[in-house]
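What follows is a short report on a single structure.
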Amino acid sequence: MNWGAIAAIYRFEMSRFFRTLMQSFLSPVLSTSLYFVVFGTAIGSRIEQVEGISYGAFIVPGLIMLSVITQSISNASFGIYFPKFIGTIYELLSAPVTFLEIVLGYVGAAATKALFIGTVILCTAALFVDFPIAHPLAMVLFLVLTCLSFALMGFIIGIWAKNFEQLQLVPLLVVTPLVFLGGSFYSITMLPPVWQTITLFNPVVYLISGFRWSFFDAADVPVGLSLLAIAGFTCLCLGVIWWIFRTGWRIRS
Amino acid sequence: MSAMLSIRDLRKTYDGGFQALKGVTLEIREGEIIALLGPNGAGKTTLISTVCGITTPTSGKVTVGGHDILTDFRAARALIGLVPQEVSLEPFEKVIKTVRFSRGLFGHRRDEALIEKILRRLSLWDKRNAQIKELSGGMKRRVLIAKALAHEPRVLFLDEPTAGVDVELRKDMWGIVADLKADGVTIILTTHYIEEAEAIADRIGVINGGELLLVEDKDRLMTRLGKKRIEVHLSEPLDAIPPALAQPGLSLEGEGDVLMFEYDTQAERTGITKLLNDIAGAGLVLRDLSTRQSSLEEIFVDLVTEGRS
C-alpha cells in the first residue's frame, strides 16, 4: 500500500478546504441558524412535541444529516471531477498508485470535511436548543459511516459527470428530495399509513432514524435495520467503484 | 547498455475504431535521449500515454526498467516522470505545494532540499509561494517539469515541452535535459521543433500514422539520409546551364550566377570532381564555393511525404 500517496492526496484535498475555511465554517453556521429561526422558532413553536421531544431538538439530527450528506457528496464529487476537468488527472493515472489508494485519499478527505461541518452544526444547534445524546458512540459511528458512504457516492458521481451540470444533477434531483422526504424535519409516524410504507423505500429514512435514535433513544425503524441499510449502501458504492476501477470507465481511454 | 524501456508490437485502437498505434516496437537504452518526431496525430502522445499508464494498450508489451507496465505497474511507474503536452495544473495551488504533492504521490518522503534544488534549477524558487494562476505560460511549463522531477525519475517523458515557449526557456530546457542526461536519466522527447531534436537527441525516431517509420542514431541518420549541396558562385551570370555541364542534380539559381549541385554523400561517385572539371573546361570563373548539408527538417519532411505517398 502506497500510504505516502494516500496522505499526499488527502493533504492536497484538505488544503483546498483550509483555503476556504471561513466559507466552510460560516456557511453551515448560517444555514443552521436559519433553519432554527424558521423551523425551530417560527413553525416549531406551533408544533409542541414530536414523540415527546421538543420540535427544535427533534430536527437537530435531521439537520446534521442533511448537511453531512450533501457536503460528503459535493466534496468528493468535486474533488475527483476537478482534476478530470482541468486535466491534472494525468498525474494520478501515471503515478504508482492503485485506485483503492486514490479512493482512500479523496473519500477520506471529503468525509473529513463533512465530519467537520457536521460537528459545527451540532455545536451551533446546541446554542439554540437543549438536546441529549443518549448513545454518543453510536452517534459518532452513524456520522462517520454516513460521511464515508456518501463521499463514496460523491466520488462515483464525480467520475460519471462529464460537465458541471451533471455534477449537480444527482445531488439536486435525487439526494436533496430523498433527504427532505427521509424524515429530516418530521417523524414518519406523522404520515398517513400509505406514505409511511412508501417512505420505507427511501434509504435515507434509515440513516436519519438511526442517527436520531443515537440522540433520543427513539427511532422510526429498528436501529439494526438502520445500520444494515448504511452498511449495504456503503457496500453498493464500493462495488460500483471497484467496477469503475477495473474497467477504467470514464477515467482511462 | 541495457534497455531501460522496451516496447514490443504496441497497438492501440480507441473505442471509436481509430487505430492510433499500429504495432510500435522500440528499445531505448539507459541514459539515452531519444526524440520522437512526427506531425500532429501521428501517435506520439498516445505512445507516451500508454507507456505512462494513462491509456490502456490494446495489445503489445511494454517494460520499464524490466518491469511490465501492466502486471508490475507500481515498479514501472515509479521510474517514470511525465511532462504532459497540455499545461494542466491546479490554478489555486501554490507552486511548492503542487511539487511536494507530486513527490508524495510517488510515495516518497518529503525532501525540502531536493525540492529547493529543483525549483532553483528551473528558476522557480522565487515564485515558490505564488499561486499557479499568477504564473506566465512559460513558468507553468517549468512547474510541470518540476513536478515530473520531484520523485527523481530514471525515465523522463517530455511531450512537446517547448511548444509555445520563448527561446530563452527552450535553451534553458535543453540545458536541463543535458544535466539530466549527465545524471543518467533516460529521456524520451516528442517535438515539432527539428532543431530541438538535432540539438539534444542521441537518436531520432520518426512516427507517422501510428507507425514508427525509422529509429536511428541522429548523426548516422543525417549522414545516411542527408544530401549535400554544393553552391558554385560564378563571376558572370549565365542564361542557361552550358550543355557540357548538364547532369542530374545540377540547377541554375539566383540570378543565373549560382550553380547548385545536389549530391548523395553515400554514393560511390558523388559527381563533384566531374562537375568541377567541367566548369574549368567550360572556362567559367568562380567567385565562391560552399557546401551545405540538408537539415533534419528536410529529412523529416521527405520521410513523412514518402510515407503518405
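Only one of these is of a type outside the set (Gly, Ala, Ser) and in contact (Cβ under 8 Å) with a residue 40 or more places away in the chain: B:120, B:128, B:100. Name it. Spell out the reasoning first.
Working: B:120 fails: in contact (Cβ under 8 Å) with a residue 40 or more places away in the chain; B:128 fails: in contact (Cβ under 8 Å) with a residue 40 or more places away in the chain.
Only one candidate passes the filter, namely B:100.
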Q: Given the conditions (1) of a type outside the set (Gly, Ala, Ser); (2) modelled with pLDDT under 95; (3) buried (at least 16 other Cβ atoms within 10 Å of the Cβ), report the number of the one that residue B:14 does not fulfil.
A: (3)
Q. Taking into account only those residues within the range A:100-144 that are surrounded by fewer than 16 Cβ atoms within 10 Å (Cβ to Cβ) and over 21 Å from the mean Cα position of the chain (by Cα), which is nearest to the other protein chains (Cβ to nearest Cβ)?
A. A:127
Q: Determine, yes or no, whether residue B:160 is in contact (Cβ under 8 Å) with a residue 60 or more places away in the chain, under 11 Å from the mean Cα position of the chain (by Cα) and more than 20 Å from residue B:5 (Cα to Cα).
A: no
Q) If you take just the helices (runs of 4 or more DSSP H) that sit entirely in the range A:154-245, which of them hold at least 1 residues that are closer than 30 Å to residue A:131 by Cα? A) A:176-180, A:193-199, A:203-216
**Q.** Selected residue (criterion: farthest from residue B:228 (Cα to Cα)) from residues of the range B:251-285 that are modelled with pLDDT under 90 and touching a helix residue (DSSP H, G or I) at 6+ places or on another chain (Cβ under 7 Å)
**A.** B:266
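So that you can scan it fast, the table gives a plain yes or no per residue for (1) surrounded by fewer than 20 Cβ atoms within 10 Å (Cβ to Cβ); (2) out of contact with any Phe, Trp or Tyr (no Cβ under 6 Å at 6 or more places or on another chain):
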residue: A:20; (1), (2): yes, yes
residue: A:26; (1), (2): yes, yes
residue: A:29; (1), (2): yes, yes
residue: A:32; (1), (2): no, yes
residue: A:44; (1), (2): no, no
residue: A:51; (1), (2): yes, yes
residue: A:61; (1), (2): no, no
residue: A:69; (1), (2): no, no
Q) Hey, among A:20, A:112, which residue is at pLDDT below 90 and over 30 Å from residue B:64 (Cβ atoms)? A) A:20
Q | Filtered residue count, the range B:175-221, keeping only those that are in contact with a Lys or Arg (Cβ under 7 Å, 6 or more places away or on another chain), free of Cβ contacts under 8 Å to residues at least 60 places away in the same chain and closer than 24 Å to residue B:122 by Cβ | A | 1
Q) Looking at A:95, A:42, which one is away from chain B (no Cβ under 14 Å) and either touching a residue at least 24 places away in the same chain (Cβ under 8 Å) or over 24 Å from residue A:159 (Cβ atoms) (or both)? A) A:42
**Q.** Residue that is nearest to residue B:133 (Cα to Cα) [pool: residues in the range B:64-108 that are at the interface with another protein chain (Cβ under 7 Å from one of its Cβ atoms), buried (at least 23 other Cβ atoms within 10 Å of the Cβ) and within 23 Å of the chain's Cα centre (by Cα)]
**A.** B:84
Q: Output the residue which, of all residues in the range B:48-63 that are more than 18 Å from residue A:88 (Cα to Cα) and among the small types (Gly, Ala, Ser), is surrounded by the most Cβ atoms within 10 Å (Cβ to Cβ).
A: B:60
Q: Kindly indicate the residue of the range B:109-131 that is touching a helix residue (DSSP H, G or I) at 6+ places or on another chain (Cβ under 6 Å) and part of a helix (DSSP H, G or I) and also farthest from the other protein chains (Cβ to nearest Cβ) among those meeting that condition.
A: B:125
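The values are calculated or read from the model by the stated rules, or taken from the named source; none is laboratory data. Fair warning: this is a prediction, and the values are worked out from it, not measured in the lab. Please note: Cβ atoms are built from the backbone with ideal geometry, for glycine as well, and neighbour counts cover all protein chains shown.
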